[in-house]
Amino acid sequence: MKTASPFKFISPPNSLVTVCFDGKEYQLPECENLAAALLAAGVQSIRQTPASGAPRAPFCMMGACFECLVVIDGATRQSCTTEVREELVAEKTKLVGGLDDGGS
Ligand code: FES
């Protein structure tokens, strides 16, 4: 299975900051949009569908599709409209009433 990201930044980032996504630390370009930075870092799934738990990834990159939802500071946000900043902590959105929640 291919694991290298097909996404690259056009120019090298000026500065990298530490971001935690789903419990794993990444060095991401400061002030880039979070969705693009995670894709370029090799993250393949940003969230899961609430019904089946199927993996989803950013699609439109302009705030229209909501495929890039993550949880930041307890609030669900679009990662494509969120800037990368030092010590940002984001998580995949949790399943609500999905098949994987054990019915609780
Ligand atoms: S990628 Fe479509 S809303 Fe963020």
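The values are calculated or read from the model by the stated rules, or taken from the named source; none is laboratory data. In this text, all values refer to a predicted model and were calculated from it rather than measured experimentally. As a convention, Cβ positions derive from the backbone with ideal geometry for all residues, glycine included, and neighbour counts pool all protein chains shown.
List of remarks:
- Residues of the stretch 21-40 that are within 15 Å of Val89 (Cβ to Cβ) and within 10 Å of the chain's Cα centre (by Cα): Phe21, Asp22, Leu34, Ala37, Leu38.
- Look at the stretch 50-66: where a residue is within 18 Å of Ala37 (Cα to Cα) and small (Gly, Ala, Ser) and a partner is near the ligand (Cβ under 10 Å from one of its atoms) and not in a loop (DSSP other than H, G, I, E, B), sitting 6+ places away or on another chain with Cβ atoms under 6 Å, you get Gly63/Gln78; Gly63/Thr81.
- Among residues of the stretch 64-85 being surrounded by 14 or more Cβ atoms within 10 Å (Cβ to Cβ) and within 6 Å of the ligand (Cβ to nearest atom), the one that is farthest from Ala54 (Cα to Cα) is Cys80.
- Gly53, sole failed condition from (1) at pLDDT 95 or above; (2) under 17 Å from Lys92 (Cβ atoms): (1)
- Residue match in the stretch 46-55 (condition: over 21 Å from Asn14 (Cβ atoms), surrounded by 16 or more Cβ atoms within 10 Å (Cβ to Cβ), of a type outside the set (Phe, Trp, Tyr) and away from the ligand (no atom under 13 Å from the Cβ)): yes
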